[in-house]
Amino acid sequence: MRASSLATRLFLSATGWVVVILLITGIVLSSVYRAAAERAFDRRLNLYLRTLIAEVATPDEPPDHQFQSLGEPLFELPLSGWYWQIARVDSEKAELRASRSLWDKKLPKLEDRGADLTTAGIRLGYVDGPEGQSLRVVERPVDLGADGKFLVSVAGDATEIYDETRTFDYYLGGTFAALSIVLVLTTIFQVRFGLAPLKRISESIADIRSGRAERLEGEFPVEIAPLARETNALIDANREIVERARTHVGNLAHAIKTPLSVILNEASAHAPDPFAAKVLEQADVMRDQVAHHLERARIAARLTIIGTVTEVAPAIEALRRTMEKIHRGRGIAISVEADPKAKFRGERQDLEEMAGNLVDNACKWAESQVFVEVLAEQPGEPGAGTMLRIIVDDDGRGLSPAERAQVSRRGQRLDESKPGSGLGLSIVIDLAALYGGSLTLGSAPIGGLRAELALPGV
């Protein structure tokens, strides 16, 4: 997983948990505050209730002085939302006293609505008031013995509770919104800087793969340092394996070439003998095949080395000078147009072998000129690497589609008069495939064959 993907997942996970925790916390705090507001409101109603019960318990007081000690002007305002009511509940006498604010209306009984009864015999609940207000009601039955049984009720406008709760929710929401922003910014900061060492390791590994570095360098946090050490150890172990493979390939080449040389020498000494001629012919094929497969093994081993990069323009220029000397007698003009920034992700020896086979083949078939062009194409898709293209054109007779398919096969030659074993193009195809590249044959603008070699670049 890339560091950016991990950072995104961590950020989304942290943000999700922050939102969930703040949401749950907000709901809990809002519920707690609403309960606290109701308790404060109930204490106020209970104060009025106790005062009314005390007034009911002292009926000897003159009527004009009764219920004057509540001290709440809202009980005098019509339909203000604040009401009290004293109802006679025994069947002997029907009597009802209420605050002026009720205006001859009645408060509904909580006991008729199934409200819970507290340990003190007090009921609490919500009812709809005379004007459709939501009322918080507290009521208590009072038994005065011979003086009768009463139900004392006090109601207050519950809008105060709702308004207080709404205001609290508003400020709570604003506070939590600001807190969420701070926490999200903090999470972004932690994720970005906490994963910075992983991003640095990713960039360092990319530099190693492209050849700009050989090891992971620099100081890493304690949590990341073991990863860096193990990565460097893996690179060192890979180089050791490649060196051992090179040694084994060299030993095998030496061990096989010596017996083949003996066979060739013995067959050459008996050249007139048809059997010797056949042995000589097959020994030559064996030598070419052994050389080819040993070269493939050597390249495959070398491909496992991380970080090898070759400048293309100097290698192609040196190849041009060499080919001009080899084909000087035919007067072949070789021109090169190479991007100076072009780089091959591989060793120079492999590049020279592939390009050399193509240029040598072009010189053999050209009439007078060979043109070599080197291009470094930037990736067209995100995540793709630079592609190196080496195009070799000649002005020879060219090849038909069927002939192009034939010469791509190992050991196939169209003209036995030309020197070579017929392995050149097949070697180029095999080596290019090992590097993840390809070879394409077509028609050249100057009249002959075009060989286009695609290889990984930097």
Could you figure out which of (1) modelled with pLDDT of 90 or more; (2) in contact with a Ser or Thr (Cβ under 9 Å, 6 or more places away or on another chain); (3) β-branched (V, I, T) isn't true of T187? (1)
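Each row is one residue, and each column tells you yes or no for (1) small (G, A, S); (2) touching a Pro at 6+ places or on another chain (Cβ under 8 Å); (3) more than 21 Å from Y126 (Cα to Cα).
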| site | (1), (2), (3) |
| --- | --- |
| T159 | no, no, no |
| L172 | no, no, yes |
| A178 | yes, no, yes |
| L185 | no, no, yes |
Note: among F220, F193, just one is under 19 Å from the mean Cα position of the chain (by Cα) and either under 30 Å from G26 (Cβ atoms) or buried (at least 16 other Cβ atoms within 10 Å of the Cβ) (or both), namely F193
Residues (modelled with pLDDT of 85 or more, assigned to a loop (DSSP other than H, G, I, E, B) and crowded, with 20+ Cβ neighbours inside 10 Å) located in the stretch 82-116: W82, S99, L107
Over the stretch 149-167, the set of residues under 15 Å from A35 (Cβ atoms) and among the small types (G, A, S) is A158
Qualifying position, being over 50 Å from the mean Cα position of the chain (by Cα), part of a helix (DSSP H, G or I) and at pLDDT 85 or above, among E352, E367, E317, E324: E324
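Can you tell me which of T58, T119, T51 is at pLDDT below 90, assigned to a helix (DSSP H, G or I) and not hydrophobic (A, V, I, L, M, F, W, C)? First the steps, then the outcome.
On the way: T58 fails: assigned to a helix (DSSP H, G or I); T119 fails: assigned to a helix (DSSP H, G or I).
From the options T58, T119, T51, the qualifying one is T51.
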Against the definition (part of a helix (DSSP H, G or I), out of contact with any Asp or Glu (no Cβ under 9 Å at 6 or more places or on another chain), modelled with pLDDT under 90 and surrounded by fewer than 16 Cβ atoms within 10 Å (Cβ to Cβ)), how does V32 come out, yes or no? no
Conditions (1) assigned to a loop (DSSP other than H, G, I, E, B); (2) modelled with pLDDT of 80 or more; (3) closer than 29 Å to D143 by Cβ: number failed by R39: (1)
For the stretch 323-338, enumerate the residues that are out of contact with any helix residue (DSSP H, G or I) (no Cβ under 6 Å at 6 or more places or on another chain) and either touching a residue at least 24 places away in the same chain (Cβ under 8 Å) or surrounded by 18 or more Cβ atoms within 10 Å (Cβ to Cβ) (or both). I326, R330, G331, A333, S335, E337
A careful count of residues in the stretch 150-202 that are of a type in the set (S, T, N, Q) and within 30 Å of E76 (Cα to Cα) gives 4
Residue satisfying condition, being assigned to a helix (DSSP H, G or I) and in the same structural domain as R97 (by TED's automatic domain parsing), within set A146, A178: A146
Within the stretch 208-234, count every residue that is free of Cβ contacts under 8 Å to residues at least 60 places away in the same chain and hydroxyl-bearing (S, T, Y). 1
Against the definition (of a type outside the set (S, T, Y), at pLDDT below 80 and either in the same structural domain as R9 (by TED's automatic domain parsing) or part of a loop (DSSP other than H, G, I, E, B) (or both)), how does E243 come out, yes or no? no
Restricting attention to the stretch 149-175, and to residues there that are part of a helix (DSSP H, G or I) and among the acidic types (D, E), which single residue is surrounded by the fewest Cβ atoms within 10 Å (Cβ to Cβ)? D163
Check on L216, modelled with pLDDT of 75 or more, closer than 30 Å to A342 by Cβ and of a type outside the set (S, T, Y): yes
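The values are calculated or read from the model by the stated rules, or taken from the named source; none is laboratory data. Note that the structure is predicted; figures quoted are calculated from it, not measured. Neighbour counts run over all protein chains shown; Cβ positions are idealised from the backbone, glycine included.
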